[in-house]
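> Here it is, the structure, as structure tokens.
The values are calculated or read from the model by the stated rules, or taken from the named source; none is laboratory data. Note that the structure is predicted; figures quoted are calculated from it, not measured. Cβ placement follows ideal geometry from the backbone for every residue including glycine, while neighbour counts extend to all protein chains displayed.
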Amino acid sequence: MKTWFLLAAMVFSTVLGDLLQSVEMKRHGEIKEFDPRRLGRVLAALARKKFLILAVALMAVSFFAFMTLLETADLSFAVPASAATLVFETILAKVVLKEEVDSRRWAGACLVAFGVVLLAR
């Protein structure tokens, strides 16, 4: 039971962290200047973005949940099962971010989902 809780926490925090990071980066826009003086201002502006700060915190939760998962479950289960994030991120990319997701990516997400189901048995 602990294994499944850790896996769910890791998948949830990874997916939500990636989603928030993508939203905030799209809001900020492309960084075109890489002059060291301006880069400092860009980094300072990014450090004030609420969604980006939350995304970093969620990725830390994901990391520690994954490390704990590796302590309690076999590596042959933990690493492939963590690929479930790809399935949820593909769905959220289409639904929330309104991105174009081609048929190859959908096929890949379905194959990953099928693999995770096989691991669960």
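> Tell me, which helices (runs of 4 or more DSSP H) wholly within region 35-121 include 3 or more residues that are more than 23 Å from Gln21 (Cβ to Cβ) and out of contact with any Cys (no Cβ under 6 Å at 6 or more places or on another chain)?
Where helices (runs of 4 or more DSSP H) fall fully within region 35-121 and carry at least 3 residues being more than 23 Å from Gln21 (Cβ to Cβ) and out of contact with any Cys (no Cβ under 6 Å at 6 or more places or on another chain), they are 50-72, 75-81, 103-120.
> Report yes if Thr90 is touching a helix residue (DSSP H, G or I) at 6+ places or on another chain (Cβ under 9 Å), of a type in the set (S, T, N, Q), modelled with pLDDT of 95 or more and more than 22 Å from Leu6 (Cβ to Cβ), otherwise no.
In short, yes.
> Looking at (1) on the phi > 0 side of the Ramachandran plot; (2) under 15 Å from the mean Cα position of the chain (by Cα), find the lone condition where Gly29 falls short.
(2)
> Of the numbered conditions (1) surrounded by 12 or more Cβ atoms within 10 Å (Cβ to Cβ); (2) modelled with pLDDT under 95, Glu33 satisfies every one except a single condition; which is it?
Only one criterion in (1) surrounded by 12 or more Cβ atoms within 10 Å (Cβ to Cβ); (2) modelled with pLDDT under 95 is unmet by Glu33, namely (1).
> Another question, if that's okay. Which of the residues belonging to region 69-121 are polar (S, T, N, Q), crowded, with 16+ Cβ neighbours inside 10 Å and free of Cβ contacts under 8 Å to residues at least 60 places away in the same chain?
Thr90
> Given the criteria in contact with a Phe, Trp or Tyr (Cβ under 8 Å, 6 or more places away or on another chain) and in a helix (DSSP H, G or I), does Leu20 qualify?
In short, yes.
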